[in-house]
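Written below as structure tokens is the structure these notes are about.
We did not get these values from a lab; they are worked out from the coordinates using the rules stated. Computed from a prediction, not measured in an experiment: that's the story for all the values here. Note that we place each Cβ from the backbone using ideal geometry, even for glycine, and neighbour counts take in every protein chain shown.
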Amino acid sequence: MGYLIPLEVASAEVVIKKSRFIAYAKGVASREAAMIWLAEIKKDYPDARHHCWAYMIGDPKCALNAGMGDDGEPSGTAGKPILNVLHHKEVGDIMVIVIRYFGGIKLGAGGLTRAYSQAAQEVMAVLVTEQQVEMVKIGLSCDFSLEQQVRYWLKHLGGLVVKVNYTQQVVMDVSVPLKEQLTFMSQLEAEQCDFKCL
């Protein structure tokens with residue numbers, strides 16, 4: 001069964017006691033992708049005091065990988081509240097970054113925790129999501145005359161071509177929604193295409 005994932009980048013801003021908290025949410029598929037995006041945000045906001053973050057990779061009910069960072073804020077006052085919001089929103093493959101511009105008034109540990117949590121909740125409220133679809137990979141080979149037919153089936157079943165090589169036959173690695181796997185394999189069998197699950 002799938003889960004919700006971000007469809008696009010979302011942003012929201014909260015001002016608390018003159019401090020600006022600018023929150024962004026984006027889909028990420030790995031820790032590496034999350035850290036690359038964090039570096040980009042730091043370049044976009046080099047004068048911000050803090051760039052705090054949390055991410056959750058995989059199904060939010062049993063996330064494979066989660067991480068957080070306080071970026072100089074007191075330990076547990078920024079990354080942890082952001083991650084707590086992610087745990088409750090049931091969205092996976094996501095990262096939230098909250099940028100803080102200090103307004104001159106100290107918020108204290110409790111105030112910071114509430115502020116980062118509020119900023120994360122605000123960005124999650126405007127985030128557009130879509131259902132993540134579980135996909136299966138299939139390797140196949142077919143005659144050149146069937147390539148367009150195979151591509152047509154993939155398009156109509158919500159699949160895609162991952163890789164294609166042309167030898168004496170067309171050799172493809174494709175990705176198909178799990179719920180359409182049997183339909184696609186039946187179509188391949190009917191046309192006498194060789195295939196295997198990868």
Quick one: angle between helix 181-190 and the longest Cα principal axis of the chain, in degrees between 0 and 90, rounded to 10, please.
-> 20 degrees
Largest fluctuation, Val161, Val15, Val98 only, Gaussian network model of the chain with Cα springs under 10 angstrom, belongs to Val161
The chain - convex hull of the alpha-carbon atoms, volume per residue in Å³ | 125 Å³
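What does the highest-first list of 110-120, 70-80, 181-191 look like by mean Cβ count within 10 Å?
On the way: 110-120: 21.0, 70-80: 17.6, 181-191: 14.6.
Final packing ranking: 110-120, 70-80, 181-191.
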Roughly how tilted is helix 108-126, in degrees to the nearest 10 and between 0 and 90, from the longest Cα axis of the chain?
-> 40 degrees
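Inverting the mean 1/r over all pairs of different Cα atoms, compute the Kirkwood radius of the stretch 113-178 and quote it in Å. Each step should come with its number before you reach the end.
Working: mean 1/r = 0.0681 Å⁻¹.
For the stretch 113-178, inverting the mean 1/r across all distinct Cα pairs yields 14.7 Å.
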Those cysteines in the chain that have no second cysteine Cβ within a distance under 4.7 Å are Cys52, Cys62, Cys197
For the pair Asp173 and Tyr101, how long in nm is the line joining their label points, each one 7 Å along Cα→Cβ?
-> 4.6 nm
Can you give the angle from 0 to 90° between the axis of helix 31-44 and the longest principal axis of the chain, with both taken from C-alpha atoms, to the nearest 10?
-> 50 degrees
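Which whole-number percent is the relative contact order of the chain (Cα, under 8 Å, 6+ apart)?
Relative contact order of the chain: 25 percent.
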